[in-house]
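The values are calculated or read from the model by the stated rules, or taken from the named source; none is laboratory data. All values derive from a computational prediction rather than experimental measurement. So basically every Cβ, Gly included, is an ideal-geometry build from the backbone, and we count neighbours across all protein chains shown. All accessible areas refer to the heavy atoms of the entire protein, side chains included, with ligands and DNA or RNA removed. Shrake-Rupley method; radii C 1.70, N 1.55, O 1.52, S 1.80 Å.
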Amino acid sequence: MTPTRITRLAGLWLLWFCPGAALAHSFGQVYNLPVPFWLYAWGATGALLASFVMVAIALTSARATQPPAYLAWAPPGRRTRSLLRLTHRLAQAIALGLMLLCIATGLWGVNSPYGNFNLTAFWIVFVLGLTYVVALTGNLYAGINPWRTLTDLGAAAGAAMHKDRTPAPLLRYPAWLGHWPAVAQYMAFIWIELNARHTPQTLAEALLVYTALTLCGCLLFGRQTWFRQADVFAVFFQQVARLAPLQPDPDRPGALRVYWPMLAVAQRPAESLSVLVFILFMLSSTAFDGLSDTLAWRRWLWADLYNAGLKHWVGTNPLAAFPQMQQIDRVWRSFWLLASPWLYLVVYLAVIAVTRRLTRSAHDTRTLALAFAPTLLPIALAYHFTHYYTLLQSQGVKILPLMSDPFGHGWDLFGTADWLQRTIIPNPGTVWHVQVVLIVLGHVISVYLAHRVALLYFPSRRQAAMSQLPMLLLMIALTVGGLWILSQPLASGG
């Protein structure tokens, strides 16, 4: 077989594997950009440069070092506090009930992803929808966490058995462990999201495993410690909540402080290196999810690397080699997904090291890296929203009919089983421009927040501005990279 013949077969194989390769990202119809991509890239770069200059001129050290203005709020009166406590208990009960319903419908309902309640409720409403609610309001999850409610009930039962004395944790949580258990769980969670076969039954089984892990962690190390440092969802929503205008008042338990949105992010640095890696994985996993679905990514393995040498290992007949190449693809995707936060970490630490050398700062690289880490959260949220929000439009609304028939047995408990049966397909042009605006806006906000942090750590405005030059280049690279991923055609196999 001639090399030309092999190349043609590989090309046909790629097209057969990805028959919808010309489709625009996240859509079932072709969308051509109204202007060339490079114009978007230059426009975004110009917006970041302009925002950098304006922030450097307008933001002074005196303004940055002052704590952000806020409004204080505390529930007035005993009756209001009692009503809030009752509402809190009711919300906890509902959240726990929904979690148990997700498990029950997965075990005893139909095993159809679209006919069962649990996949839509968990992946769309909980994982996606609650993320945006927390970012807009505050850490509601901390108050209604169903696994925390479950462990609290277990602790209450244990206290009753031990004559009102709550059993002490079996082990002391090691300081060196930091938030690494949450990082490991987050990596496993995203791997499952991107690689596992999603059925209601597998989700129910995964939730049972996660529940058992959580109960064991709380038993070993205590509930407070586990949910503060080791639980993936608790740590994830802690980070997202830093973007919210509502923050708990550290001086008055039960009271709130109302900030301008995003402004509370720069109030405190990341707690540890493990939190920094967690934040970077929030960025890299979403970017990888978008990149790995593109035709360019698929072509790299299935055409370029295949013709460059893999064909000698798996066989020169593309159709015969297809099953083995699928296995290689799974390993390939898993490797790059799990490597992505470490690659981001290397680049980020290099940028911080250049910043330190450029300014001759007395702060070490670790201190500066942790200080600037939270300023990446607006970018992470922008990536997350632009990549997934159309799922709320297309599949999230299906939760209404599924509530009436959660097991898929033909019920109509609330009279909504026949609602919203038409498939909602968002307009690709509208979505593309919303994505562009949000990605650029997320980076602009990060530029502003990073400059506020710089004014806290560097003695002069000039040094603060100089310190942000390497960070600005990183922001531009992330912006252009994110827009490039969104502009790429999808391979339908992903």
Residues of the stretch 307-334 satisfying the condition of being closer than 21 Å to N195 by Cα and open to solvent by 10 Å² or more (accessible area, probe 1.4 Å): F322, P323, Q324, Q326, Q327, I328, D329, R330, V331, W332, R333, S334
Residue list for the stretch 307-320, restricted to those being among the β-branched types (V, I, T) and either at pLDDT 80 or above or not in a helix (DSSP H, G or I) (or both): T316
Test result for A159, surrounded by fewer than 14 Cβ atoms within 10 Å (Cβ to Cβ), over 26 Å from S404 (Cβ atoms) and at pLDDT 90 or above: no
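Scan H409, H363 and give me the residue that is under 30 Å from L455 (Cα atoms), assigned to a loop (DSSP other than H, G, I, E, B) and touching a residue at least 40 places away in the same chain (Cβ under 8 Å).
Criteria check complete, one pass: H363.
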Of all residues in the stretch 178-217 being loosely packed, with under 15 Cβ neighbours inside 10 Å and farther than 28 Å from P406 by Cα, the one that is nearest to the chain's Cα centre (by Cα): A184
Members of the stretch 200-259 that are within 15 Å of A142 (Cα to Cα) and among the aromatic types (F, W, Y): W226, F227, F233, F236, F237
Hits in the stretch 188-243 (condition: modelled with pLDDT of 95 or more and outside any helix (DSSP H, G or I)): D231
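Would you check if L273 is within 25 Å of L368 (Cβ to Cβ) and among the hydrophobic types (A, V, I, L, M, F, W, C)?
Judged against the criteria, L273 is a match.
So for the stretch 189-204 (the condition being of a type in the set (G, A, S), in contact with a helix residue (DSSP H, G or I) (Cβ under 6 Å, 6 or more places away or on another chain) and over 30 Å from W260 (Cα atoms)), does at least one residue qualify?
Yes: the stretch 189-204 contains one or more residues that are of a type in the set (G, A, S), in contact with a helix residue (DSSP H, G or I) (Cβ under 6 Å, 6 or more places away or on another chain) and over 30 Å from W260 (Cα atoms).
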All positions within the stretch 417-459 that are of a type in the set (D, E, K, R) and outside any helix (DSSP H, G or I): D418, R422
Single residue of T80, T65 found to be more than 30 Å from V127 (Cα to Cα), modelled with pLDDT under 70 and not aliphatic (A, V, I, L, M): T65
Condition check for T137: β-branched (V, I, T) and in contact with a strand residue (DSSP E or B) (Cβ under 6 Å, 6 or more places away or on another chain): yes
Enumeration of residues in the stretch 282-306 that are surrounded by 17 or more Cβ atoms within 10 Å (Cβ to Cβ), assigned to a helix (DSSP H, G or I) and not aliphatic (A, V, I, L, M): S284, S285, T286, F288, D289, G290, S292, W297, R298, R299, W302, Y306
Looking only at the stretch 412-465, and only at residues there that are more than 17 Å from H384 (Cβ to Cβ) and among the hydroxyl-bearing types (S, T, Y), the one that is most open to solvent (accessible area, probe 1.4 Å): T423
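Considering the stretch 266-281 alone, what residues qualify as being part of a helix (DSSP H, G or I) and open to solvent by 10 Å² or more (accessible area, probe 1.4 Å)?
A266, Q267, L273
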Residue within the stretch 256-265 that is part of a helix (DSSP H, G or I), open to solvent by 20 Å² or more (accessible area, probe 1.4 Å) and either farther than 30 Å from R78 by Cβ or out of contact with any strand residue (DSSP E or B) (no Cβ under 8 Å at 6 or more places or on another chain) (or both) present: yes
Residue match in the stretch 460-471 (condition: outside any helix (DSSP H, G or I) and either within 30 Å of R197 (Cβ to Cβ) or among the small types (G, A, S) (or both)): yes
Residue in the stretch 156-165 that is at negative phi, in contact (Cβ under 8 Å) with a residue 60 or more places away in the chain and part of a helix (DSSP H, G or I) present: no
In the stretch 221-252, the residues that are open to solvent by 60 Å² or more (accessible area, probe 1.4 Å) and either more than 19 Å from I144 (Cβ to Cβ) or within 15 Å of the chain's Cα centre (by Cα) (or both): P250, D251, R252
Qualifying residue in the stretch 344-365 (condition: surrounded by 15 or more Cβ atoms within 10 Å (Cβ to Cβ), within 25 Å of N195 (Cβ to Cβ) and touching a Phe, Trp or Tyr at 6+ places or on another chain (Cβ under 9 Å)): yes
